[in-house]
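Encoded as structure tokens, the structure appears first; notes follow it.
The values are calculated or read from the model by the stated rules, or taken from the named source; none is laboratory data. What you are looking at is a predicted structure, and each value in this text was computed from that prediction instead of being measured. Reconstructed Cβ throughout: ideal geometry from the backbone, glycine too, with neighbour counts over all protein chains shown. SASA here: full protein model, heavy atoms, side chains in, ligands and nucleic acids out. Shrake-Rupley method; radii C 1.70, N 1.55, O 1.52, S 1.80 Å.
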Amino acid sequence: MDISVIVPLLNERESLPELAERVRKVMEREGYSYELVFVDDGSSDGSWDVVKDIRKENPSVKGISFRRNYGKSAALYEGFAAAEGDIVVTMDADLQDSPEEIPGMVHMIREEGYDLVSGWKQHRKDNALTKNLPSKLYNAAARRVTGIKLHDMNCGLKAYRRDVVRSIEVCGEMHRYIPYLAKNAGFGKIGEKPVEHTKRKFGKSKFGMDRFVNGFLDLMSLWFLSRFGKKPMHFFGTSGILMFLVGFIMTVWIIVAKLVHQANGLKFRAVTDQPLFYLALVTLVLGVMLFLAGFIGEMVSRSSVTRNDYNVRERL
């Protein structure tokens, strides 16, 4: 099979028939064999019934329905597991992503050798204050942290080699950083393609401003795991040693200063009367705790069943 199109959805019943028809026309025009996999993330508006009706008319349509809402990452995880195509395409169900962009992305993977192609909504049709500006700030931070020069990392329209989706695990809310997950799995050729972005025709957006806060926290988690996931002692041990040394130097300074003043008959305060002493004490304790956290992290990491899981390209 050439193409698997994965569409996670939540309460999008009005848009599904049009989306399925547009995907069908594109695939037939290009001569692709395909499957269209709808993943219903616990919809309550009858979206699953619409999916079943569409399947009756088009056997290339498949569906997965969750009993409750788990989130977009869970929907993509199940969709990736079910995908059988050589190239996997993901897109949103709200008709803001255009199926007509799929052939261009497929060309970039097949002919130009990309592992992953992400859409770039150059001209967004969303509210400039609530979505465009926060999105630009978010993407700027993501580029800085991940080192991946994408203008729109969270664009729902993406195309992947099947090896990519088989090599990454999307969980929590990590769907925003699939290109970063792919990079950490060893797929370095990541590109982007400017795509058309249209206004939502039906319903309303399922995402609020909280996604930017959560997105930043997820980005920090991914960065930490990619850098120190298998070597936590390098982070906690180094931090603990530095903090312990700072506390130790502060303690020595306080004691030496007190002794010098006392030897020269100058006025001095007792060590325990100085606020700096308690700051030094806290710093020493925190340093020891961080160092011990590194040891515990190492034991957990060494006990993991995935400690020696590596993404092998091929064997001869």
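For this structure, a couple of remarks:
- For the peptides 58-66, 250-258, 30-38, 149-157, the ranking by packing is 149-157, 30-38, 58-66, 250-258, with the highest mean count of neighbouring Cβ atoms within 10 Å listed first.
- When the Gaussian network model of the chain links Cα atoms closer than 10 Å, the mean-square fluctuations of 173, 28, 100 top out at 28.
- For the set 183/230; 72/158; 56/204; 25/199; 121/199; 52/204, the pairs lying more than 19 angstrom apart at their alpha carbons are 56/204; 25/199; 52/204.
- Calculated from backbone phi, Karplus (6.51, -1.76, 1.60) coupling profile of segment 213-222 in Hz, x at Gly/Pro: 5, 4, x, 5, 5, 5, 4, 5, 5, 5
- For residue 64, distant residues with modelled amide H under 5 Å away: 38, 39, 40
- Near the amide H of residue 97, within less than 5 Å, lie the amide hydrogens of 92, all on another chain or at least 5 residues away, with H placed in the peptide plane.
- Accessible-area composition of the chain, carbon plus sulfur, in percent [1.4 Å probe]: 58 percent
- Antiparallel DSSP beta bridges within the chain, percent to nearest 5: 30 percent
- Near residue 46, once Lys and Arg are set to +1 and Asp and Glu to -1 for all other residues with Cβ below 11 Å from its Cβ, the sum equals -4.
- Heavy-atom accessible area order for 68, 110, 144, 162, largest first, 1.4 Å probe: 144, 68, 110, 162
- Net charge contributed by nearby residues that have their C-beta within less than 13 Å of residue 140 (K/R +1, D/E -1): +3
- Using heavy atoms of the protein chains and a probe of 1.4 Å, the accessible area assigned to residue 300 is about 100 Å².
- To the nearest 10, the accessible area of residue 295 is 100 Å² with a 1.4 Å probe.
- The listed residues 107, 197, once ranked by accessible area (1.4 Å probe) with the largest placed first, stand as 107, 197.
- Measuring with a 1.4 angstrom probe and ignoring ligands and nucleic acids, residue 49 comes out at about 90 Å² accessible.
- Counting Lys and Arg as +1 and Asp and Glu as -1 over every other residue whose Cβ lies under 12 Å from the Cβ of residue 297, the net charge comes to +2.
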